[in-house]
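One structure is given below, encoded as structure tokens.
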Amino acid sequence: MKKSLLALAVAAAAISSAASAAVVYDKDGTTVEMYGRVQSVLYSTQASEAMGSNSYYDNSLQTSGRLGFNLRTPLTDNIAAFANAEWDVADNDGTRDDNGDDSFSARYLFVGADFGKFGALQAGRFEDAVYQGVTSYTDVYEDWGCYGQLGDGDKRDGMIMYSWSGYGVDFMATYGTAKDKQNVDGAWYSEEELDIDNSYSVALGYTSPDVLFGPISVRVAYGAANFQDDVEANTTYDKYDQYAAVLSWGSTEVGPYLAAMYNVRDFSMKNSSLDYKVQGVEAVLGYGFENGVSILTGYQWLNNDPDNVKSSAYADADAHIVPVYVNYGITPNFNVWAEARFDAGSDDNFVDDTLTENAYSVGARYTF
């Protein structure tokens, strides 16, 4: 998802604000904003297979929608309560309900309190501090990004987050309570879905004033998760530890944007002979023109590294991806784009075997 540097620096605030949101209620400081989008994207054959947008893996046009609400009300002169609810719906075979109908799925759901200069506290469904504080800085594409990172898909229920920003410093800390069937990027043996016992993460960053064409930001993060052991099996997961760091310069909106990110997620299994880690690098180079055209490209690398190759069901293998993205914002409410994912020498035995095929897509979106 395309983000400005400012929005990335305060990711929690970015979720609860949309530039084109319409205020549908405003009285005595209490506001309700509604926002959303409708888009259609045409995917190539290989792209449809990679996205799972249909079961027959052919050229496919997928139309999807998003609807969200921001709510805010003052509690005292210095404290305000806020909430956000956002849903996705798509004509995608993988999102149909038991009756075969397209269904809404919750993207973000949280409620919190804003204490002004003392920070904010929120609880609900969202990503942890590793993603919000670090790895999101290279999440700048529509579909063909995030192959070198772990956690972009980890929107989890039962999360609590404290965040504070000031003097160029951003701090975030999250704690995740016990929840079943949560997304865990890199958990190959369980198809990236696990029952979490608890999780925690912390991120710290500093963003400078403008240097030449934009601010420079340096950020680091640590996260961990412990998994429930109520189902014993040879491949049962015990926990993971994750480390991440990013360096960025500029903005994705206007002018140059440069970013480089490294992250690693180290999985410990109940059967220690199956321990492994997944690590990745993402580099972004882009430029945004004042006429609304922006161009982004870069390099993404992901490595699966088992501690014991003979015991592992997944090889020590690498994926190498070059994404290219061209977007034209015709108006603040309407944009079109073309995007491609090029294989740059991925191993045939990598966990995701669709990455050895090039993929293409073009799309149009109306945002309100």
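The residues of the stretch 320-366 that are open to solvent by 40 Å² or more (accessible area, probe 1.4 Å) and either within 15 Å of residue 39 (Cα to Cα) or out of contact with any strand residue (DSSP E or B) (no Cβ under 9 Å at 6 or more places or on another chain) (or both), listed by number, are 328, 330, 331, 332, 333, 334, 336, 338, 353, 362, 366.
Restricting the stretch 9-42 to residues that are at pLDDT 90 or above and either among the aromatic types (Phe, Trp, Tyr) or closer than 29 Å to residue 206 by Cα (or both), the residue that is least open to solvent (accessible area, probe 1.4 Å) is 35.
For the stretch 197-228, how many residues meet the condition of being assigned to a strand (DSSP E or B) and over 19 Å from the mean Cα position of the chain (by Cα)?
First, the residues of the stretch 197-228 that are assigned to a strand (DSSP E or B): 197-211, 214-227.
Retained after the next criterion (residues that are over 19 Å from the mean Cα position of the chain (by Cα)): 197-198, 206-211, 214-216, 226-227.
Adding up the residues that qualify gives 13.
I'm trying to understand the selection: among the residues of the stretch 80-124, which are at pLDDT below 70 and part of a strand (DSSP E or B)? Result: 96, 102.
Would you pick out the residues in the stretch 284-319 that are aliphatic (A, V, I, L, M), farther than 30 Å from residue 334 by Cβ and surrounded by fewer than 19 Cβ atoms within 10 Å (Cβ to Cβ)? 309, 313, 315, 317, listed by residue number. Count of the stretch 130-161 residues, restricted to those that are in contact (Cβ under 8 Å) with a residue 60 or more places away in the chain, surrounded by fewer than 24 Cβ atoms within 10 Å (Cβ to Cβ) and within 25 Å of residue 195 (Cα to Cα), is 1. Checked against (1) open to solvent by less than 50 Å² (accessible area, probe 1.4 Å); (2) in contact with a Ser or Thr (Cβ under 9 Å, 6 or more places away or on another chain); (3) without any contact (Cβ under 8 Å) to a residue 40 or more places away in the chain, residue 279 meets all criteria but (2). Of the set (1) among the hydrophobic types (A, V, I, L, M, F, W, C); (2) buried (at least 19 other Cβ atoms within 10 Å of the Cβ); (3) over 25 Å from residue 325 (Cβ atoms), all apply to residue 169 but (2).
Cβ separations smaller than 7 Å between residues 6+ apart or across chains give the following pairs from the stretch 181-204 residues that are among the hydroxyl-bearing types (Ser, Thr, Tyr) to residues that are in a loop (DSSP other than H, G, I, E, B) and crowded, with 17+ Cβ neighbours inside 10 Å: 199/128; 201/128. Within the stretch 200-213, identify whether any single residue is of a type in the set (Phe, Trp, Tyr), surrounded by 21 or more Cβ atoms within 10 Å (Cβ to Cβ) and at pLDDT 95 or above, and answer yes or no. Checked the stretch 200-213: no residue is of a type in the set (Phe, Trp, Tyr), surrounded by 21 or more Cβ atoms within 10 Å (Cβ to Cβ) and at pLDDT 95 or above. Residues that are more than 30 Å from residue 311 (Cα to Cα) and crowded, with 20+ Cβ neighbours inside 10 Å are absent from the stretch 262-273.
Restricting the stretch 241-261 to residues that are of a type in the set (Ser, Thr, Tyr) and surrounded by fewer than 24 Cβ atoms within 10 Å (Cβ to Cβ), which is nearest to the chain's Cα centre (by Cα)? Of everything passing the filter in the stretch 241-261, 243 is nearest to the chain's Cα centre (by Cα).
Among the candidates 284, 293, single out the residue that is touching a helix residue (DSSP H, G or I) at 6+ places or on another chain (Cβ under 8 Å) and farther than 25 Å from residue 241 by Cβ. Full working, then the answer.
On the way: 293 fails: touching a helix residue (DSSP H, G or I) at 6+ places or on another chain (Cβ under 8 Å).
Being touching a helix residue (DSSP H, G or I) at 6+ places or on another chain (Cβ under 8 Å) and farther than 25 Å from residue 241 by Cβ holds for just one of 284, 293, which is 284.
The values are calculated or read from the model by the stated rules, or taken from the named source; none is laboratory data. Owing to the predicted nature of the structure, the values given are computational and were not obtained by experimental measurement. Every residue, glycine among them, receives a Cβ derived from its backbone with ideal geometry; neighbour counts consider all protein chains shown. With ligands, DNA and RNA removed, areas are computed over all heavy atoms of the protein, side chains included. Shrake-Rupley method; radii C 1.70, N 1.55, O 1.52, S 1.80 Å.
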